[in-house]
1. Could you calculate the FRET efficiency of GLU349 with ALA254 from 1/(1 + (r/R0)^6), where r is the beta carbon distance between them and R0 is 22 Å, rounded to 0.05?
2. Obtain the nm distance between the two label points defined at GLU273 and GLU463 by a simple spin-label model: each point lies 7 Å from its Cα along the Cα-to-C-beta direction.
3. How high is the FRET efficiency from ASP197 to ASP157, r the C-beta distance, R0 30 Å, rounded to 0.05?
4. Which peptide among 238-250, 393-405 comes first, and what is the full order, when sorted by highest mean count of other Cβ atoms within 10 Å?
5. State the Cα centre-to-centre distance between region 126-146 and region 312-385 in whole Å.
6. Relative to the compact-globule scaling 2.2 N^0.38 Å, provide the ratio for the alpha-carbon radius of gyration of region 415-464.
7. Could you tell me what fraction of 2.2 N^0.38 Å the Cα radius of gyration of region 376-512 comes to, as a two-decimal ratio?
8. For HIS374, HIS346, give me the order by solvent-accessible area with a 1.4 Å probe, most accessible first, ignoring ligands, DNA and RNA.
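The values are calculated or read from the model by the stated rules, or taken from the named source; none is laboratory data. Because the structure is a prediction, the values reported are computed rather than measured. Cβ: placed from backbone, ideal geometry, glycine included. Neighbour counts: every protein chain shown. When the accessible area is computed, the model is the full protein with side chains, heavy atoms only, and any ligands, DNA or RNA have been set aside. Shrake-Rupley method; radii C 1.70, N 1.55, O 1.52, S 1.80 Å.
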Amino acid sequence: MTDLDPDEYTVEELSDELETIDDEDVLQSVLEAEQAGQDRQTAREAVHKRLEAVESGDGVEGDTETEGEYEETKESVGEEAEGEEVDEVEPDEQADESAEDQAEPDDGLSHPTRDKKHVRGLEDGHYEDMWVFCETQQGELLEVSKEMLGKARELMDQFAEDYEDEERVVAFLMGDDCEGLAEECIAYGADVAVYHDDDRLERFLHKPYTEISAHMARGEGSTESTDWRDYDKPRYVLFPATNNGRDLSAKVQAELDSGLASDCSDLFIEENEVSNPVKTGEPGVKKTFQKVLHMKRPDFSGFEYSTILCLDNPGREFHPQGASVIPGSFEPMEPDHDRDGLVVEHEMELPEEWFRVEITEYDQLEAGVDLTGHEVIVCLGRGIADDPTKGMELGLDLVEAFENAELGITRGIVTSSYEFDGHVEEYSKEVRQIGETGQVVAPDLYIAAGVSGAVQHKVGMDESDTIVSVNTDPSARIRDFSDYFVEGDLFEVLPEITEAVESGEIALEAVADGSGGDDE
Ligand SMILES: Cc1cc2nc3c(=O)[nH]c(=O)nc-3n(C[C@H](O)[C@H](O)[C@H](O)COP(=O)(O)OP(=O)(O)OC[C@H]3O[C@@H](n4cnc5c(N)ncnc54)[C@H](O)[C@@H]3O)c2cc1C
């Protein structure tokens, strides 16, 4: 009756195949073959569904069912299915086309996604290496770029040991005159550094930065040396979770038709066994994915962690597995300027229209409040909630007691709806925020009062020499990285510390060198 052997198909493939069959007898024989073979429930359901459609006259010739349309599109794109950009016509659009011909001219606004381009994921693609976007600012590599290179080096060294397969760390960057920075990336752990030089790229612009990154990742345009890679796309990619890095990471991963785990603070690579039918293709079946990047990110305000995995679907692969990384999460490696590595210049035509915004003049904004460079920082958190104005006053009193101190706050305060009296209100603004999205400080003494110690706060202060925290909760996370932990109410403890500092009972030097008191 039919040559179609369902055993040779996953359920997803079989469903696609069934869409091409309009003969009930043939469908019946497929059903019998399935029952005699693997007898998968979902496969049987797919045949029954098709039989119903044929019997009712739906889904046969002239059918506008989405899956059928998709199959046609898939076949018609042929080689584009190997990862090239494809303009796909959505089924609804096709149906509307004739009506549109007579409709009013398109103002480009009523259907904002009409021109959306789909980039089809590869199937049986070849992926290698860990790519790292190295952000630069004013002619220097950002610290987070070095931190990511250090982590990537560590991961890929471990990868080589675990899989007996050497894959590289590839830095990619762009800017005005950045060849020297590409060489620096080698010193910080990259095996290859791909850079694009253009004076118009001095500052981050998302259109050209996105296009160049995707072009590089697809292996296009590296004219100077094309033989260093022979794969379709990177296996992994890291971006910094900075303002620009967040913007770029989302766009590049969308462009490469993959996913992104944002704001990660830890990464590791290992195998993973899953039973989700979306990933395995069959219910009740387990499948082991190799070389999976596990991307850990803080959730629920930093108190729980999720581990995000980017796994292929049957017939649709998601690479590069991508993450953006919170600055301060990893240590850079000691730079070795004698390390061997390949520096590759990337070339690509950059249309003028990508640079329609021209920066003709710029000015450095007033720095606001600079919290760096002080001997002492007193940081207040949401522990002041019972009386925010009073809490702020107590913090300021303590600041006053030291010679060279400043007041910082957590984001918890910035985003709170606390009402402050006028004389302290200015201290509740974002310019004083410490942490991942605020300032990074490393004073001799950091006094954190009513601060829980979320990871986003920690990365802005844990390089401080001595950390003293005051908290009513003895299991507050900040205790783990404090040198001294005072269990108590800040409304009582802060005045006591202020008094002790003013009377000379506690000297900064004594606290900072560890002889300032007990741990509790
Ligand atoms: C993308 C992103 C970026 C972020 N960036 C930052 C950042 O840069 N900086 C930052 O700080 N946060 C940042 N956050 C927010 C962060 O996750 C936390 O929500 C925030 O740090 C919590 O602030 P908190 O410690 O003041 O408040 P809470 O977490 O509410 O902690 C208050 C603490 O005070 C204690 N307490 C209560 N009453 C008293 C009292 N009377 N005396 C003493 N202790 C008391 C409690 O036990 C508790 O430990 C970011 C979050 C995200 C998602």
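1. So the FRET efficiency works out to roughly 0.50.
2. About 4.3 nm separates the two model spin labels.
3. On the way: r = 30 Å, r/R0 = 0.99.
Efficiency, from the Cβ-Cβ distance: 0.50.
4. Taking the mean over residues of other Cβ atoms within 10 Å, the ranking is 238-250, 393-405.
5. Centre-to-centre (Cα) distance: 8 Å.
6. Numbers: Rg = 11.9 Å, N = 50, 2.2 N^0.38 = 9.7 Å.
So the Cα radius of gyration is 1.23 times the expected 2.2 N^0.38 Å.
7. Cα-based Rg divided by the globular estimate yields 0.94.
8. HIS374, HIS346
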